[in-house]
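Below is one structure, written out as C-alpha cells, with a few remarks after it.
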Amino acid sequence: MARQNSNFMFGASNIKSLPNESVPEIAFAGRSNVGKSSLINLLINSKKAARVSSKPGCTRQINFYSMYNDKFRLVDLPGYGYSRASKEETIQYLDLIEYYLTQRRNLKRVFVLIDSKVGLKEIDKDFIYWLTYNNINFDVVLTKIDKVSQENLDTILESTQKWIDNENVSIHQISIRVKCKVAKVRDEFFKFTR
Ligand SMILES: Nc1nc2c(ncn2[C@@H]2O[C@H](COP(=O)(O)OP(=O)(O)OP(=O)(O)O)[C@@H](O)[C@H]2O)c(=O)[nH]1
Ligand SMILES: [Mg+2]
C-alpha cells in the first residue's frame, strides 16, 4: 500500500469539531501507551502519520486518518488510564470518547488494544464491560507480541479469550517490529469497513 493512500484528516478535541459521518470508520482504543498510534502507522504504511511517543498520554484528541480518498477512516482514540492528565482534562476527553463510541453512526468496529506483556487490567475490563453493555461491536488486539515468549503469549491469549467469552469477538495479535503478518491483519481489520 502506498503512503499517499492515506492522510491525516482531522483532529477533534470536542464534540462539535467531529468530522462528518459520511464514510465507515474503525476505531482503536486502549490504555495509554498500548500502541494505538503505532498500529495505525503500521496499517497505513507510514512511520509517522500518527504521533508515537515514549511519553504516555500523547494523543489527547480523536485523530482521523482518511484512507483511499476517504473511502473509510482509521480513528485514533485518546488512551485511557493516563494518570498525569488533570481531572478536568480527563473528564473532557472521556466525555468525547463516550460520545464518539455511543453516537457515531458510521462506526463499524472498535479494536481494543491490550499489551501482551501486561494483559487485561481492571480498567480494560471496565471498558470492555461498558462496550458490551452499550452494544458496541469490538475485537481485541494483543500488541507488542515481540516482547513476550510464545509460551507467555499463548497463556495471555487463552486467559483473555476465557475472560471475554464471546464468540463474536476475535482476538488478533500484532507487533510493529514483526512486519510479515501486516497484510493479513490489514485484511482482517479493513473488512469491517466494507
Ligand atoms: N516493542 C514494541 N514496542 C511497541 C510496539 N508498538 C508500540 N510500541 C512502543 O510503545 C510506545 C507507545 O506507543 P504508541 O503507539 O504511542 O501508544 P499509544 O497507545 O498511541 O499511546 P497514547 O497515545 O499515549 O494513548 C512507543 O514507544 C512505541 O514505540 C510493538 O509492537 N513492539
Ligand atoms: Mg497515541
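On the stretch given as the stretch 69-90, residues that are surrounded by 14 or more Cβ atoms within 10 Å (Cβ to Cβ), at pLDDT 90 or above and over 18 Å from the mean Cα position of the chain (by Cα) total 1. Applying the condition of being in contact with a strand residue (DSSP E or B) (Cβ under 6 Å, 6 or more places away or on another chain), more than 15 Å from ligand 2 (Cβ to nearest atom) and aliphatic (A, V, I, L, M) to the stretch 77-113 and asking which residue is farthest from Ile164 (Cα to Cα) yields Leu107.
Cβ-Cβ contacts under 9 Å between residues 6 or more apart (or on different chains), taken from a first residue in the stretch 179-192 that is over 11 Å from Ile44 (Cβ atoms) and without any contact (Cβ under 8 Å) to a residue 40 or more places away in the chain to a second residue that is surrounded by fewer than 16 Cβ atoms within 10 Å (Cβ to Cβ) and of a type outside the set (S, T, N, Q), are listed as Ala183/Met1. For the stretch 24-41, the candidate set comprises residues that are near ligand 2 (Cβ under 9 Å from one of its atoms) and polar (S, T, N, Q); within that set, the residue that is surrounded by the fewest Cβ atoms within 10 Å (Cβ to Cβ) is Ser32.
The single condition among (1) within 29 Å of Ser66 (Cα to Cα); (2) within 15 Å of ligand 1 (Cβ to nearest atom); (3) more than 14 Å from the chain's Cα centre (by Cα) that Leu153 does not satisfy is (1). Filtered by the rule that a residue be loosely packed, with under 14 Cβ neighbours inside 10 Å and over 13 Å from Gly35 (Cα atoms), the stretch 138-154 gives Ser149, Gln150, Glu151, Asp154. Of all residues in the stretch 122-158, those that are of a type in the set (Lys, Arg) and in a helix (DSSP H, G or I) total 2. Glu167 passes every criterion in (1) without any contact (Cβ under 8 Å) to a residue 24 or more places away in the chain; (2) within 16 Å of the chain's Cα centre (by Cα); (3) part of a loop (DSSP other than H, G, I, E, B) apart from (2). Annotation note: Cβ proximity below 6 Å between a residue of the stretch 106-120 that is assigned to a strand (DSSP E or B) and a residue that is of a type in the set (Phe, Trp, Tyr) (sequence gap 6+ or interchain) occurs for Lys108/Phe192; Arg109/Phe192; Val110/Phe138; Phe111/Phe28; Val112/Phe138.
Applying the condition of being surrounded by 14 or more Cβ atoms within 10 Å (Cβ to Cβ) and farther than 9 Å from Ser66 by Cβ to the stretch 1-12 and asking which residue is modelled with the lowest pLDDT yields Met1.
The values are calculated or read from the model by the stated rules, or taken from the named source; none is laboratory data. Quick caveat: nothing in here was measured; it's all calculated off a predicted structure. Every residue, glycine as well, gets a Cβ built from its backbone with ideal geometry; the counts of neighbours run over all protein chains shown.
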